[in-house]
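The values are calculated or read from the model by the stated rules, or taken from the named source; none is laboratory data. What you see is a predicted model; the values in this text were computed from it and never measured. So basically every Cβ, Gly included, is an ideal-geometry build from the backbone, and we count neighbours across all protein chains shown.
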Ligand code: GLU
């Protein structure tokens, strides 16, 4: 079944920026008649108790969801199966061991004739920092054996092989965002599993969205750059399993910034529901206070104040008219006073 979702990482309390994105994701799902799902992205950086407090914060704001929240830490079988499907469809070389550290990658990418660029080949403009130059792609088994003794391997997907391009080529991926329009990017050999054994964000998100039937992704626009590669990986995974790829609707919401134009953070003061309502546990907050916060968040997106279900038609109309805010929202504590 098609669905929308919110996928928080349980790293602490949600702040007003996260809550605003969650609220817009909920409104988008409701406006399109999709069920709304929650997924806890707890593959790393987990802070004890955060999942519980985040679910309470979302509930306090008026969000509900249509199935019990799932946790990525309990879905390893799904990610194993995704990697296995890629290997089955494209052969054992489709997924290879990588022993590079971040520093190795930065150095190799900046070398004038590093492994990322063949002699005589022009630099490619769409390569973001950290773009993998392919260092470990062609290691021999003996070289791998040597490196395994020094450092555990991450697993990377050989994008050129999977896309049927010549060795070292980079597929160009596209996605469409309802606010930004067309987004394109080159796909490098992305990490599928990190060298600490945890599955990587891109693989887990794509495998989960496919398994959960998610075809509407609303999230912060800091993830816009990941969207072409995730769309590409979803298509590759679906093809490997002989399934049709979903036509996913993306809506990347501008982030919330502080008065200096920097991404809002806990150090910017009272930014969580608990701070703003003066309680330790949001379940004990004054309901009128929570409603006032919800209303400030709705207004910040140009939507009418009031219970969330009543804002669904206004959200649908704003989306249709291209009237949702495209600029970062500047957090102003006074709006919540
Ligand atoms: N877990 C990610 C975050 O909290 C969001 C991932 C996604 O929405 O795709 O930033």
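Worth pointing out:
- Here residue 290 qualifies as touching a residue at least 12 places away in the same chain (Cβ under 8 Å), within 20 Å of residue 60 (Cα to Cα) and crowded, with 17+ Cβ neighbours inside 10 Å.
- Residue count for the range 1-36, restricted to those that are assigned to a strand (DSSP E or B) and buried (at least 24 other Cβ atoms within 10 Å of the Cβ): 3.
- Tally, over the range 13-53, of residues that are within 18 Å of residue 277 (Cβ to Cβ), in contact (Cβ under 8 Å) with a residue 60 or more places away in the chain and more than 11 Å from the ligand (Cβ to nearest atom): 7
- The single residue among 249, 274 that is touching a strand residue (DSSP E or B) at 6+ places or on another chain (Cβ under 7 Å) and either crowded, with 18+ Cβ neighbours inside 10 Å or at pLDDT 95 or above (or both) turns out to be 249.
- The set of residues from the range 3-12 being over 15 Å from the mean Cα position of the chain (by Cα) and either farther than 19 Å from residue 65 by Cβ or near the ligand (Cβ under 9 Å from one of its atoms) (or both) comprises just one member, 12.
- Qualifying residue in the range 254-266 (condition: without any contact (Cβ under 8 Å) to a residue 40 or more places away in the chain, assigned to a helix (DSSP H, G or I) and either surrounded by fewer than 16 Cβ atoms within 10 Å (Cβ to Cβ) or in contact with a helix residue (DSSP H, G or I) (Cβ under 9 Å, 6 or more places away or on another chain) (or both)): no
- Counting the residues of the range 142-167 that are at pLDDT below 95 and under 29 Å from residue 221 (Cα atoms) gives 0.
- Going through (1) touching a helix residue (DSSP H, G or I) at 6+ places or on another chain (Cβ under 6 Å); (2) within 13 Å of the ligand (Cβ to nearest atom); (3) in contact (Cβ under 8 Å) with a residue 40 or more places away in the chain one by one, residue 225 falls short only on (1).
- Only one entry in 162, 218, 183, 187 is touching a helix residue (DSSP H, G or I) at 6+ places or on another chain (Cβ under 8 Å) and within 13 Å of the ligand (Cβ to nearest atom), namely 218.
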